[in-house]
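The next block holds one structure in the form of structure tokens; read it before the comments.
The values are calculated or read from the model by the stated rules, or taken from the named source; none is laboratory data. Please read all numbers here as calculations on a predicted model, not as lab measurements. Neighbour counts are summed over all protein chains in view; Cβ atoms, including those assigned to glycine, are modelled from backbone coordinates with ideal geometry. We work out accessible area using only protein heavy atoms, side chains counted, and drop any ligands, DNA or RNA first. Shrake-Rupley method; radii C 1.70, N 1.55, O 1.52, S 1.80 Å.
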2 protein chains.
Amino acid sequence: MVRRNEIRAGEVAVDPPAATDAGLVFIGRIYTPWTDRRVCPRQGRADGPTCRIEVFPPWIAALDSIDHYERIEVLYWMHLSRRDLVRQSPANDGTARGTFSLRSPVRPNPIGSSIASLVKVEADGLLVRGLDCLDGTPLIDLKPDRTLFTPIAPRQPGDDQVGDG
Amino acid sequence: MVRRNEIRAGEVAVDPPAATDAGLVFIGRIYTPWTDRRVCPRQGRADGPTCRIEVFPPWIAALDSIDHYERIEVLYWMHLSRRDLVRQSPANDGTARGTFSLRSPVRPNPIGSSIASLVKVEADGLLVRGLDCLDGTPLIDLKPDRTLFTPIAPRQPGDDQVGDG
């Protein structure tokens, strides 16, 4: 699938366990130019359109200092995706491969992750470029891009652990 | 916090809404050398110890073709983390900053994301390097590293959309 919720030739659905192992809280909402899955970018681009990320109370205070980072990792909930496919055929050509070898929105836990360029911090959210999700997508987390972030916490033994010796 | 669940000088907790907006299914478990938060690496390293990612049925078929990628994005559930801090003091020095400007495990939705180097695909999981999570951490998703993945689906209009014109 991807465009609609159809199952295509070669795709395999399973009967998944109930999704009750942990619960998410939607901490905001993402506004993009795309209102239909058939026009969404398949992957965000750094020169793409500006999108707005709204952060809901009581999480707004958590935005403090996010302006230190040029790029932000954005986690969001792909609320329209089915969750039961283990093999998918993105090209709808009869060939299929495993879900974990794809970045398709269809996954057991439909969490999208993007790296967005920070354009502006607003009172209750961010303007960014580089997203590829539908307008109205629920937000679940914001973090500094891992390649820009240096841990602030004191060093711990695992920091220096290498190999399997 | 981070090491224990204490609140430190400068940290701010909120009364969060119930985490009932969406439900997760744990799709596997991660085995690492670290059994205590006080020894965990603060960030994974590509030359770190080999860790095992077990994938549970019925998701094992979704591993097909994951061996095409040298690096895998791993999403996991940091099950021991509190979720209510909007300001944190990683150095415990009286200064604090917003949760979204940190990669601390303490977040409204405690989802960790790492880029791991693929060592081996096994019948029911993976061996990887580069993780930083506790032994026994629940797995929630595996995807190809975004920088290695080229979408297979047909082009869509949003793929070519740039700027705000």
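Side notes on the structure shown:
- Being in contact with a Cys (Cβ under 6 Å, 6 or more places away or on another chain) and either closer than 25 Å to A:LYS143 by Cα or without any contact (Cβ under 8 Å) to a residue 12 or more places away in the chain (or both) is true of A:TYR76.
- For the stretch A:106-115, the set of residues classified as of a type outside the set (Val, Ile, Thr) and assigned to a loop (DSSP other than H, G, I, E, B) consists of A:ARG107, A:PRO108, A:ASN109, A:PRO110, listed by residue number.
- For B:GLY10: the one exception among (1) farther than 27 Å from A:ARG107 by Cβ; (2) without any contact (Cβ under 8 Å) to a residue 12 or more places away in the chain: (2)
- Only one entry of A:ARG146, A:ARG82, A:ARG103 meets the criterion of being part of a loop (DSSP other than H, G, I, E, B), in contact (Cβ under 8 Å) with a residue 40 or more places away in the chain and more than 10 Å from every other protein chain (Cβ to nearest Cβ), and that entry is A:ARG82.
- Looking across the stretch B:77-109, the residues that are open to solvent by 10 Å² or more (accessible area, probe 1.4 Å) and either small (Gly, Ala, Ser) or under 14 Å from B:CYS133 (Cβ atoms) (or both) come down to B:TRP77, B:MET78, B:HIS79, B:LEU80, B:SER81, B:ALA91, B:GLY94, B:ALA96, B:ARG103, B:SER104, B:PRO105.
- Residue within the stretch B:66-76 that is surrounded by fewer than 22 Cβ atoms within 10 Å (Cβ to Cβ), of a type outside the set (D, E, K, R) and within 13 Å of the chain's Cα centre (by Cα) present: yes
- A single entry from B:GLY10, B:GLY48, B:GLY23, B:GLY44 fulfils the requirement of being in a loop (DSSP other than H, G, I, E, B) and surrounded by fewer than 19 Cβ atoms within 10 Å (Cβ to Cβ): B:GLY10.
- From the list A:TRP34, A:TRP59, the lone residue that is out of contact with any helix residue (DSSP H, G or I) (no Cβ under 6 Å at 6 or more places or on another chain), crowded, with 20+ Cβ neighbours inside 10 Å and aromatic (Phe, Trp, Tyr) is A:TRP59.
- Taken over the stretch B:88-100, the criterion of being modelled with pLDDT of 95 or more and at the interface with chain A (Cβ under 7 Å from one of its Cβ atoms) is satisfied by B:ARG97, B:GLY98, B:THR99, B:PHE100.
- When residues in the stretch B:128-151 are screened for being hydroxyl-bearing (Ser, Thr, Tyr) and surrounded by fewer than 18 Cβ atoms within 10 Å (Cβ to Cβ), 2 of them pass.
- Scanning the stretch B:127-143 for residues that are in a loop (DSSP other than H, G, I, E, B) and more than 24 Å from A:ASP21 (Cα to Cα) yields a single hit, B:GLY130.
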